[in-house]
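Engineer: Have a look at this one.
Just so you know, all these numbers are worked out from the coordinates, no wet-lab data involved. The model shown is predicted, which means the values in this text are computed figures rather than measured ones. Counting neighbours? That spans all protein chains shown, and the Cβs are built from the backbone with ideal geometry, glycine included.
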Amino acid sequence: MPRARAKVAEVKSSPAKKNAPVIEMKSAAPRGVIAARMKEVIRELGEDPERDGLLNTPDRVEKALKYLTSGYSADISEIVNGALFDVNYDEVVIVRDIEFFSMCEHHMLPFFGKMHVAYLPDKKVIGLSKIPRIVDAFARRLQIQERLTQQVAESIEGLISPRGVAVVCEAQHFCMMMRGVEKQHSGAITSAMLGAFRTHKETRNELLSLLAQRTKSI
Ligand SMILES: [Zn+2]
């Protein structure tokens, strides 16, 4: 029975390099189209889009939105770029604390947090640094946290057919913090368990306790 034994390869992901965008921007809208609409939005909000501080805002918003949704044009096989390796290793691999930033599809406001990705290899592993990049590819879209979590898990499953994949995602949503219920400290946790992590309760519980232990040690 596949088990997440104590011997664990854990890799703490390094913070994203701020100046190294991992995904090329390829929005369908020609340059300036979104900016022109943003100018109207600013006007409709009762502001003067011609005043100094706002003059270049529509352009900046266009650039920001294209970057924040650049995951749509991400090609996972291009990101992985052959970094799949045949190994004789069958213990759990965990990449934890992967920072991500996404936008909720209901309000187009950010949600952000940390994702922990684990898998039980079946003779194949994926380059560890590729996992945060896969997370980014799915986070940089209009998303809901549940789907984002599931997509990351399915993507890893599709790439290396491991015996199991588990993704746990902890996030805070600006649409809850700044509007609506205005709860600043409530977070949402979602998980996607595939293969052995779904079918073997023991395997799942071992992983969850590994993640919990670590939280306590901070
Ligand atoms: Zn929302």
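Engineer: Using Cα positions and a limit of under 14 Å, work out the aspartates and glutamates in reach of Lys124, with same-chain residues fewer than 8 apart set aside.
Structural biologist: Cα-Cα hits under 14 Å: Asp86, Asp90, Glu91, Glu157.
Engineer: Still on this structure: Quick check: residue separation of Asn56 and Val41 times 0.36 nm, minus the Cα distance between them. What number comes out in nm?
Structural biologist: Values: separation 15, 0.36 × 15 = 5.40 nm, distance 1.39 nm.
Full extension of this stretch gives 4.0 nm more.
Engineer: Further question: Check Gly164: other-chain or 5+ apart residues with amide H under 5 Å from its amide H, H built from backbone geometry?
Structural biologist: Those lying under 5 Å, H to H, from Gly164 are Leu120, Ala196.
Engineer: Before anything else, pin down the relative contact order of the chain: Cα pairs under 8 Å, at least 6 apart, normalised by residue count, whole percent.
Structural biologist: Details: 372 pairs, mean separation 45.6, N = 218.
Worked out over the chain, it gives 21 percent.
Engineer: Which order do the peptides 91-101, 184-194, 51-61 take when ranked by the mean count of other beta-carbon atoms within 10 Å per residue, highest first?
Structural biologist: Result, highest mean first: 91-101, 184-194, 51-61.
Engineer: Using modelled backbone amide H atoms (1.01 Å from N, in-plane), which distant-in-sequence or interchain residues come within less than 5 Å of Phe101's amide H?
Structural biologist: none
Engineer: I'd like to compare 76-86, 130-140, 198-208: which one has the highest average count of other Cβ atoms within 10 Å, and what's the full order after that?
Structural biologist: By packing density, highest mean first, the sequence is 130-140, 198-208, 76-86.
Engineer: Counting helices only, and only those DSSP H runs with n ≥ 4, report the 222 nm mean residue ellipticity of the chain as the sum of -39,500 (n - 2.57) divided by its residues, in deg cm²/dmol to the nearest 500.
Structural biologist: Values: 8 runs with 79 residues, N = 218.
It lands at -10500 deg cm²/dmol.
Engineer: Here's another thing I want to ask about it. For the chain, just run the numbers: alpha carbon Rg, then divide by 2.2 N^0.38 Å, N being how many residues it has. Provide the component values of the computation, followed by the final result.
Structural biologist: On the way: Rg = 19.7 Å, N = 218, 2.2 N^0.38 = 17.0 Å.
Here the answer is 1.16, to two decimals.
Engineer: Pop out the ³J(HN,Hα) list for segment 183-197 in order, Karplus 6.51 cos²θ - 1.76 cosθ + 1.60 with θ = phi - 60°, rounded to Hz; leave Gly and Pro as x.
Structural biologist: Running phi through 6.51 cos²θ - 1.76 cosθ + 1.60 with θ = phi - 60° gives 9, 6, 10, 8, x, 10, 10, 10, 9, 10, 10, 10, x, 4, 5 Hz.
Engineer: Still on this structure, please answer the following. Would you give the gap between the C-alpha center of segment 116-140 and the C-alpha center of segment 166-218, rounded to a whole Å?
Structural biologist: 17
Engineer: If I model a spin label at Ala188 and Ala64 as a point 7 Å from the Cα along the Cα→Cβ vector, what separation in nanometres do I get?
Structural biologist: 2.1
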